[in-house]
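**Q** Take this structure, written in structure tokens, and hold onto it; I'll ask about it next.
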Amino acid sequence: MVGGAVRDKLLGLPVKDRDWVVVGATPAEMLAQGYSQVGQDFPVFLHPETREEYALARTERKTAAGYKGFEVHAAPDVTLAQDLERRDLTINAMALSAAGDLIDPLNGRRDLQQLLLRHVSPAFVEDPVRVLRVARFATRLAPLGFKVADETNTLMQQIVAAGEVDALVPERVWSEVERALNEPQPSIFFTTLRDCGALARILPEVDALFGVPQPEQYHPEIDTGIHTMMVLDSAAQLSEDPEVRFAALCHDLGKGNTPRDRWPSHHGHEERGAKLLQSLCQRLRVPRGFRELALLAARYHTHCHRAAELRPETLLKTLEALDAFRRPERLAQFLLTCEADSRGRTGYEESAYPQAARFELAHRVASAVDIRSLVAQGHSGEALANEIHATRVSAIRTALSGK
């Protein structure tokens, strides 16, 4: 047994997937024993009963730029030690024999004890995917106190400087981003990427937020990048929904291109942010659900914060823009994102967010309008739509006045 299963077992974490390396075997021998081959670039097989993955021991040699530029050699003479040496981090380069003996030629257990994410060898720089993987492991293991080793961060900087990160395909980048969003403290993923310079290459819209000031009376943390990371982690505390967390990450992108002479004000950042977000989502091929919620949060989060000031008409228009009457679950996601934005400020981490209740009340009474009775009164077409709108505005006004 190799890789993450060994690491998590030693850390006392739940072991989700077990991977195996087979030494001294050929593909023909694996197929003869009932295994089915799934790997195209190198021999990986599924166990006929457990369906766990069994890979033949292999080595890799860099042949071209990018994460696909490797020549793989899998043969019966490849040793377990050689297979472990091609892995990314020492904590992922341990093996456990069937008898329970730990095989640790690269001192992965030592680094587990020292809470370090350290590269296996200088060959680490050959695969740009490793930058993303290290950031994700830093995120996942942050609650245990793990840090990226300084020398490993230096190699990550070299990968970025060589332009290797630019060769990553959008699907792989998004896959790692989405996995990081599901971790308890997802901000670590993005700050780790920023520490090595990769954030500016992968998510320049987010990187541009750091160093941009905001009005101190509303944002004691001042820096927009710091605020965004606080909002992201606040969203993670409020919701396990990765769509909410992504919306939290992207809600303020427009502040990243506010002209400097307007700082710390960011008037109009909502629509500027929506345009940046559309570009980001297209580039990384972000799934539709993530994109739609994030765009709504970018455009309307300040509406939500000002809920107490909004006229009933504006409240209803915002609910309509959110498609809240057909998709009430989208409203719930939006309100969570806005609450995370409010809490993601120094000193406001535990503050109440009454604006959400105001929007929920407006939605509830507007949804209760009996459309069938309006139809029965003879309204139809555009006249019906206008009557529904007017009746909903009236219902919201009455509810908010407390009468």
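The values are calculated or read from the model by the stated rules, or taken from the named source; none is laboratory data. What you see is a predicted model, and the numbers here were worked out from it, not measured in a lab. Cβ placement follows ideal geometry from the backbone for every residue including glycine, while neighbour counts extend to all protein chains displayed.
**Q** Working only within segment 349-371, note down all residues that are more than 15 Å from Leu316 (Cα to Cα) and either assigned to a loop (DSSP other than H, G, I, E, B) or over 43 Å from the mean Cα position of the chain (by Cα) (or both). Walk me through it before giving the result.
**A** Restricting attention to segment 349-371, the residues satisfying the condition of being more than 15 Å from Leu316 (Cα to Cα) are 349-354, 370-371.
Answer for segment 349-371, where residues must be more than 15 Å from Leu316 (Cα to Cα) and either assigned to a loop (DSSP other than H, G, I, E, B) or over 43 Å from the mean Cα position of the chain (by Cα) (or both): Glu349, Glu350, Ser351, Ala352, Tyr353, Asp370.
**Q** Moving on to the next point. Can you name every residue in segment 351-371 that is aromatic (Phe, Trp, Tyr) and either farther than 30 Å from Val231 by Cβ or outside the structural domain of Ala308 (by TED's automatic domain parsing) (or both)?
**A** If we filter segment 351-371 for residues that are aromatic (Phe, Trp, Tyr), which is where we start, we get 353, 359.
None - no residue of segment 351-371 is aromatic (Phe, Trp, Tyr) and either farther than 30 Å from Val231 by Cβ or outside the structural domain of Ala308 (by TED's automatic domain parsing) (or both), so the list stays empty.
**Q** Only one of Arg136, Arg109 is modelled with pLDDT of 95 or more, in a helix (DSSP H, G or I) and closer than 29 Å to Gly24 by Cβ. Can you tell me which? Can you show your working first?
**A** Details: Arg136 fails: closer than 29 Å to Gly24 by Cβ.
From the options Arg136, Arg109, the qualifying one is Arg109.
**Q** Next up: Only residues that are surrounded by 13 or more Cβ atoms within 10 Å (Cβ to Cβ) and either in the same structural domain as Phe325 (by TED's automatic domain parsing) or acidic (Asp, Glu) (or both): list them for segment 372-389, please.
**A** Selection gives Glu387 alone.
**Q** Taking segment 204-240, which residues are among the acidic types (Asp, Glu) and over 26 Å from Pro170 (Cα atoms)?
**A** So the first thing to find is which residues in segment 204-240 are among the acidic types (Asp, Glu), and the list is 205, 207, 216, 221, 223, 233, 240.
Those that are among the acidic types (Asp, Glu) and over 26 Å from Pro170 (Cα atoms): Glu216, Glu221, Asp223.
**Q** Among the numbered criteria (1) under 17 Å from Ile91 (Cβ atoms); (2) within 19 Å of the chain's Cα centre (by Cα), which single criterion is violated by Val165?
**A** (1)
**Q** Being without any contact (Cβ under 8 Å) to a residue 12 or more places away in the chain and either assigned to a loop (DSSP other than H, G, I, E, B) or outside the structural domain of Thr90 (by TED's automatic domain parsing) (or both) is the filter; apply it to segment 1-15 and report the residue that is nearest to Leu80 (Cα to Cα). Full working, then the answer.
**A** Going residue by residue through segment 1-15, those that are without any contact (Cβ under 8 Å) to a residue 12 or more places away in the chain are 8, 12-15.
Pick out the ones that are also either assigned to a loop (DSSP other than H, G, I, E, B) or outside the structural domain of Thr90 (by TED's automatic domain parsing) (or both) and you get 12-15.
Working: Gly12: 24, Leu13: 24, Pro14: 25, Val15: 22 Å.
Selected residue: Val15.
**Q** Give the number of residues within segment 244-267 that are surrounded by fewer than 22 Cβ atoms within 10 Å (Cβ to Cβ), among the acidic types (Asp, Glu) and touching a helix residue (DSSP H, G or I) at 6+ places or on another chain (Cβ under 7 Å).
**A** Number of matching residues: 0.
**Q** Being at negative phi, modelled with pLDDT of 90 or more and in a loop (DSSP other than H, G, I, E, B) is the filter here; which residues of segment 39-58 pass it?
**A** Passing the criteria: His47, Pro48, Glu49, Thr50, Glu52, Ala57.
**Q** Do we have any residue at all in segment 270-283 that's touching a Pro at 6+ places or on another chain (Cβ under 8 Å), touching a residue at least 40 places away in the same chain (Cβ under 8 Å) and not in a helix (DSSP H, G or I)?
**A** Initially, segment 270-283 is screened for residues touching a Pro at 6+ places or on another chain (Cβ under 8 Å), giving 283.
Filter again for touching a residue at least 40 places away in the same chain (Cβ under 8 Å), leaving 283.
This time we only want the ones that are not in a helix (DSSP H, G or I), so: none.
No - not one qualifying residue is present in segment 270-283.
**Q** For Glu313, are the conditions met, namely being surrounded by fewer than 22 Cβ atoms within 10 Å (Cβ to Cβ), within 26 Å of Pro220 (Cα to Cα) and not polar (S, T, N, Q)? Before the answer, list the steps.
**A** Numbers: surrounded by fewer than 22 Cβ atoms within 10 Å (Cβ to Cβ): yes; within 26 Å of Pro220 (Cα to Cα): no; not polar (S, T, N, Q): yes.
Answer is no for this residue.
**Q** Residue under question is Val21, and the condition is that it be assigned to a loop (DSSP other than H, G, I, E, B), surrounded by 13 or more Cβ atoms within 10 Å (Cβ to Cβ), in contact with a helix residue (DSSP H, G or I) (Cβ under 6 Å, 6 or more places away or on another chain) and among the β-branched types (Val, Ile, Thr); does it hold?
**A** Working: assigned to a loop (DSSP other than H, G, I, E, B): no; surrounded by 13 or more Cβ atoms within 10 Å (Cβ to Cβ): yes; in contact with a helix residue (DSSP H, G or I) (Cβ under 6 Å, 6 or more places away or on another chain): yes; among the β-branched types (Val, Ile, Thr): yes.
It is false that Val21 is assigned to a loop (DSSP other than H, G, I, E, B), surrounded by 13 or more Cβ atoms within 10 Å (Cβ to Cβ), in contact with a helix residue (DSSP H, G or I) (Cβ under 6 Å, 6 or more places away or on another chain) and among the β-branched types (Val, Ile, Thr).
**Q** Between Leu335, Leu374, which is assigned to a helix (DSSP H, G or I) and over 30 Å from Ala247 (Cα atoms)? Lay out the reasoning, then the answer.
**A** Numbers: Leu335 fails: over 30 Å from Ala247 (Cα atoms).
Answer to the check: Leu374.
**Q** Follow-up. Does Gly4 meet the test of being over 30 Å from Pro143 (Cβ atoms), modelled with pLDDT under 95 and among the small types (Gly, Ala, Ser)?
**A** Details: over 30 Å from Pro143 (Cβ atoms): no; modelled with pLDDT under 95: yes; among the small types (Gly, Ala, Ser): yes.
No; evaluated as a whole, the condition is false for this residue.
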